[in-house]
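What follows draws every value from the coordinates through simple rules; no lab data is involved. Because the structure is predicted, anything quoted here is derived from the model rather than measured. A quick note on method: Cβ atoms are made from the backbone with ideal geometry, for glycine too, and the neighbour counts reach across all protein chains shown.
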Amino acid sequence: MGRNGANRSEWTFLTSHARVLLTISRDPGIRLRDVASICAITERTVQTIVTDLEEAGYLTRSRGHDGRRNHYRIVQGAHFRHPAEAGYEITDLLALLAEPGHAPGPAPD
């Protein structure tokens, strides 16, 4: 039985912050409305998360070549914030999850 009647099967491993960063890492020129659609959150929430990620030093944003769209860059060398994962770089997680459908495991013989 779930806590306070909540369905325990609704939780996920990745936070919205991780999901937004992963989505941007897959397409650095993506529009925030498309990130919102992929992550199943509002565009306003995505804007807030992108600002959080930028302020924390995980992401930079600049104007794309067309002068209209933003272009995002994942900051290399940025580490997880929680002390339990502090020695690990964010880019390692992004690399692991970068290829949809890629299951990590032993190399084929």
### Query
Amide H neighbours of Ala78 under 5 Å, counting only residues 5+ apart in sequence or on other chains, H built in-plane at 1.01 Å?
Ile90, Thr91
## Note on the structure
Computed ³J(HN,Hα) along the stretch 46-63: with the Karplus parameters 6.51/-1.76/1.60, θ = phi - 60°, integer Hz and x for glycine or proline, the list is 4, 4, 5, 5, 4, 4, 4, 5, 5, 5, 7, x, 8, 8, 10, 10, 8, 6
#### Entry: Inter-probe distance in nm under a simple model that places probes 7 Å from Cα toward Cβ, at Ile41 and Val75
1.8
